[in-house]
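Reviewing the structure listed below.
Bear in mind these aren't lab numbers, they're just calculated from the coordinates by the rules spelled out. Just so it is clear, the model here is predicted, and its values are computed rather than measured. When we count neighbours, we look across all protein chains shown, and the Cβ atoms used for this are built from the backbone with ideal geometry, even at glycine.
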Amino acid sequence: MLDLLPDLFDHYLDKLSLLPSTFISYGGESLFYGEVVTVGCFEDNSKVKWVLSQAGKGKVLVVDGRGSSRALLGDMIAKSAVKNEWEGIIIHGNIRDVMCMRALKIGVQALGSNPIKTEKRNRGEINIELEIAGVNIQPKMWVYADAHGVAFSLKALDLSVLNE
């Protein structure tokens, strides 16, 4: 399966919310999905680093950078996420180490890149409700991402219907 979102919207149009923002795929996996874990932060990726150091099988981290221009994800934190089996990371903001990200077996989508890292002040919030581009995102929702963008549903969707 190379294209997930078109098929999902064909079957589940009324159960999905598409983020209108244009995300760029940076990770080695362009198609990924999982249960949502959230972080809200500004110019400080301490909470992103901590969350991705935890077990993440079946989960996707969704980060609202709240207008941060600095990179909220770099190669070292992304490598930690791969080691801890995260399915993907979605950054409503910037990442860095773009070429390294492409080599990692994880989905990474972000609005753009910036080579400047954040400072570590242990600021930010974990597992909070986010609103990104008019879409409400809550922990435990499900997110589906591919080259078409990023979509959310309240519950996991049955992907077996896509093989019909």
Only bridges whose two residues both fall in segment 22-147 count here: according to DSSP, what percent of them are antiparallel, nearest 5? 35 percent
Within the chain: Cβ-based charge dipole about Cα centre, in debye rounded to nearest 20 (Lys, Arg +1; Asp, Glu -1): 880 debye
Can you give me the distance in nm between label points at Asn122 and Asp10, each placed 7 Å from the Cα along the Cα-to-Cβ direction? 5.1 nm
If a paramagnetic tag sat 7 Å from the Cα of Glu129 along the Cα-Cβ line, which residues of segment 38-63 would have the backbone N under 19 Å from that point? 38-41, 62-63
Pull out the extension gain between Gln54 and Ile24, defined as 0.36 nm times the separation in residues minus the alpha carbon to alpha carbon distance; nm, one decimal. 8.3 nm
The FRET efficiency for Asp75 and Lys140, from their Cβ-Cβ distance with R0 = 30 Å and rounded to 0.05, is 0.55
Counting DSSP beta bridges with both partners in segment 86-143, what percentage is antiparallel, nearest 5? 35 percent
Residue by residue, what Karplus-based ³J(HN,Hα) values in Hz, rounded to whole numbers, does segment 67-75 have, using 6.51, -1.76 and 1.60 with θ = phi - 60° and x for Gly and Pro? x, 4, 8, 6, 6, 8, 8, x, 5
As straight-line cross-link partners of Lys105, the qualifying lysines (C-alpha separation under 19 Å, not fewer than 8 residues apart within one chain) are Lys49, Lys57, Lys59, Lys79, Lys83
Among Cys41, Leu13, Leu154, the residue whose Cα sits farthest towards the positive end of the charge dipole of the chain (+1 at Cβ of Lys and Arg, -1 at Cβ of Asp and Glu, taken about the Cα centre) is Cys41
For segment 22-147, using Cα atoms only, the Rg and Dmax in Å read 12.5, 34
Take the alpha-carbon centre of segment 36-80, take the same for segment 117-154, and report the distance between them in whole Å. 10 Å
Which peptide among 104-114, 153-163 comes first, and what is the full order, when sorted by highest mean count of other Cβ atoms within 10 Å? 104-114, 153-163
